[in-house]
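The block underneath contains the structure these notes are about, expressed in structure tokens.
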Amino acid sequence: MRFPSITLFWMQTCCCAFVFLFLLNTQAHSQSANWPQWGGPQRNFMVDGSGLAETWPAGGPKRLWSRELGEGHSSIIVDADRLYTMYSKSDQEFVVALDRATGKTIWEKGYAAPTRGLILQVETLNVRGPHSTPLVAGDLLITVGIIGKLQAFEKQTGNVVWSHDLWREYGGTRTERGYICSPLVYRNTVIVIVGGAGQALMAFDLKTGAVVWKKQTFRLSFSTPMLINVDGQDQLVMAFADDIVGLDPNSGELLWRQRHPCSGFNITPPVWGGDNILFISSAYECGSRAVQLRQSGGKTTVKELWANNLMRVHHGTIIRLGDLVFGSSGTSGPAPLTAVNVKTGNVVWKDRTFPKATFVYADGKLILLDEDGQLALVRLSPQGMTVLAKAAVLEHIAWTPPTLAGTNLYLRDFKRLVALDLK
């Protein structure tokens, strides 16, 4: 009589264990399926995604939905069942929360963002903003608009918790293309560029918006701050107009400085590696540079490994795999996908299959979106690139990097937002 009871006991135990593991796996998948900031979970356009298809039908991946969206280059943020982004129409700017499954608007907040007379070149179609990407931090959504309006919203409701006008309140630097920097969270602060004497970067308290610190007097570029860890020390890295610098993210104090002259056109942020090599590539005649950082006792030494003009990434993305960095090299006209050895500066190969492109790396593959709206699945190696699939998915100029959450890909051109399924 005991055997059925024992059998039932083990069946129930195994079932509970299965359910527990299933829920644990589902929770882990849910966490990895978020894209909380510019560049994704690690701010480097690389995710631990899996289950992506090895090829697509001729018409491209399955389209889940698409919708009209206003102008701008702000990336798509994914948080659980919602998407967040920004766009503009005429003299108004909008922050919008969308249903991830359908693309329908959940909430939307608009505000005046007149640019005429404040920003040069912004009326040109392709450089209209917003350019900055929102940031999810706990229950808050942090955004910065094209005229420097920094806001913290309740992400569920869209209610404004606090806000600042970085240009009018603090005399921040107005760049010719408007505000571009995407905010960075460090502990209980949000860090953004501002500009002006002693306030190139500022940190605000996440909950209250109070100023925590403001430091440095470097001339601004169009880049965005990054967080790295040098031999156990957190460092805030920023590419300014003619310098790359490392700062203490707790205080804004300068830790090190390396010249990288670019007359303000450092746009794509530096890329960090586990071997303490920091790589940067900039457009026009600026070129690329690699430095190796070492830190002991709070003091950082900087060793330049090489600098040359063989790779020039404009406003695309850069990823590093092993000793190779990959980027779309070129300012206007041809921009071949280029592989460079990060330790030597030598060009390993160039491929002109695609025009200027942005991308994300997952599941051993590069998901590439070129500026003409063509999407491709690419495998990279030291010998070159292999195109596994490609399809035209967007109709207008596409400069916004792809967002990958799980197997869902979110793409944006200058007028539309599209959701695709890559599994």
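Observations
Here's the yes/no breakdown for (1) surrounded by 21 or more Cβ atoms within 10 Å (Cβ to Cβ); (2) free of Cβ contacts under 8 Å to residues at least 60 places away in the same chain; (3) part of a loop (DSSP other than H, G, I, E, B); (4) within 20 Å of the chain's Cα centre (by Cα):
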| residue | (1), (2), (3), (4) |
| --- | --- |
| Glu169 | no, yes, yes, no |
| Val192 | yes, yes, no, yes |
| Gly196 | no, yes, yes, no |
| Ser221 | yes, yes, yes, yes |
| Asn229 | no, yes, no, yes |
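- Residues of the stretch 152-164 classified as open to solvent by 10 Å² or more (accessible area, probe 1.4 Å) and either under 13 Å from Tyr111 (Cα atoms) or free of Cβ contacts under 8 Å to residues at least 12 places away in the same chain (or both), total: 3
- Of the residues examined, Tyr84 is one that is under 20 Å from Phe414 (Cβ atoms) and either at pLDDT below 95 or in a strand (DSSP E or B) (or both).
- Of the residues making up the stretch 126-146, those that are modelled with pLDDT under 95 and either open to solvent by less than 10 Å² (accessible area, probe 1.4 Å) or in contact with an Asp or Glu (Cβ under 8 Å, 6 or more places away or on another chain) (or both) are Arg128, Gly129, Pro130, Ile146.
- For the stretch 277-304, the tally of residues that are open to solvent by 60 Å² or more (accessible area, probe 1.4 Å) and part of a strand (DSSP E or B) stands at 6.
- Some residue of the stretch 241-255 being within 19 Å of Arg289 (Cα to Cα) and in a loop (DSSP other than H, G, I, E, B): yes
- Residues located in the stretch 42-59, provided they are of a type outside the set (Gly, Ala, Ser) and buried (at least 18 other Cβ atoms within 10 Å of the Cβ): Arg43, Asn44, Phe45, Met46, Val47, Leu52, Trp56
- Here the stretch 357-403 is the region considered, the condition is being open to solvent by 10 Å² or more (accessible area, probe 1.4 Å) and polar (S, T, N, Q), and the residue that is farthest from Ala419 (Cα to Cα) is Gln383.
- Any hit, the stretch 108-115, residues being over 20 Å from Leu140 (Cβ atoms), surrounded by fewer than 17 Cβ atoms within 10 Å (Cβ to Cβ) and not charged (D, E, K, R): yes
The values are calculated or read from the model by the stated rules, or taken from the named source; none is laboratory data. Please read all numbers here as calculations on a predicted model, not as lab measurements. Glycine gets a Cβ as well: all are built from the backbone with ideal geometry, and neighbour counts include every protein chain shown. Side chains included, ligands, DNA and RNA excluded: accessible areas come from the protein's heavy atoms. Shrake-Rupley method; radii C 1.70, N 1.55, O 1.52, S 1.80 Å.
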